[in-house]
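Each remark here refers to the structure printed beneath this line.
The values are calculated or read from the model by the stated rules, or taken from the named source; none is laboratory data. Bear in mind that the values here come from a model prediction, so they are computed numbers and not experimental data. When we count neighbours, we look across all protein chains shown, and the Cβ atoms used for this are built from the backbone with ideal geometry, even at glycine. Remember, those area values only see protein heavy atoms, side chains included, never the ligands or the DNA or RNA. Shrake-Rupley method; radii C 1.70, N 1.55, O 1.52, S 1.80 Å.
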Amino acid sequence: MKNIVILLFSLSILTSSCGLLKRQYSTPVKVVEKPINVSPTTSKTAAEIYIDQFKNIAIREMNNTGIPASITLAQGILESGSGNSKLAKEANNHFGIKCTSDWAGKTILEDDDNKDDCFRVYKSAEDSFRDHSEFLKRKRYAPLFELQKNDYRGWAIGLKTAGYATNPKYADLLISLVERYNLNRFDQAENGKIQIVREEKIAKEPANTIPKEKVVLETKKTVAMKIYEVKPGDTLVSVSKQFMLAIEDLKRLNELENSNLFPGQLLLVSK
């Protein structure tokens, strides 16, 4: 009898242990995962964001007209403050194209050469890029379309020579921007036959745009340029101190009518 009692007691302990083990291993195990290390996104400048946003439009215009995508992007960056100027934001006007007698679209007034100069308003930024290409199909710019569409230096110098801008350093500014942001990576060379077909096409749009005599473009050595992109909180005073320039020199170099700056605006900070 004593042996039977011991045997039953042992079986009871064994049964309890098995139940405990069963409950222990049937309980879901909570797995603690290690956090994934995500590298922070590299912050881009306003100009780099602008390039990402409009490079495909510039390339398309280049393929249609022969204007280097690098030049179109450099002009857009410079003249719209990387899309942050009032004209770019309120009028989708990225190239500062003014009203003409044949402009039938909406307009906006903005102080420029004169008070309340009239500027064109576009439905989209893409329309502004397209109109920029059409604007350059004028007689004064005709020789430029005979250049290769990857000749950004020739285009920059040619635009200045043809009087596109009054800033004497305009060509150097464009070249500096192209090389600073490697914009010529978007340009494409073309063989002789394709270039001839393109030239003939442009010559007819509009008709009689090519002058009888070619204009000899002025060539000059590119100077070292320093361009500063305005950050939030910058003022004309702080920028002038940063680059040790007199405020009047800074205004003169950038043809500034007043002391107002906006983020993304590009300033020439070298004489």
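Filtering 250, 268 for residues that are closer than 16 Å to residue 81 by Cα and either β-branched (Val, Ile, Thr) or touching a strand residue (DSSP E or B) at 6+ places or on another chain (Cβ under 9 Å) (or both) leaves a single hit, 268. Picking from residues in region 246-256 that are modelled with pLDDT under 80 and open to solvent by 60 Å² or more (accessible area, probe 1.4 Å), the one that is nearest to residue 170 (Cα to Cα) is 255. Counting the residues of region 55-74 that are buried (at least 24 other Cβ atoms within 10 Å of the Cβ) and under 15 Å from the mean Cα position of the chain (by Cα) gives 8. Number of residues in region 219-245 that are modelled with pLDDT of 85 or more, open to solvent by 60 Å² or more (accessible area, probe 1.4 Å) and assigned to a loop (DSSP other than H, G, I, E, B): the value is 4.
When region 103-130 is limited to residues that are open to solvent by 30 Å² or more (accessible area, probe 1.4 Å) and closer than 19 Å to residue 56 by Cα, the one that is nearest to the chain's Cα centre (by Cα) turns out to be 126.
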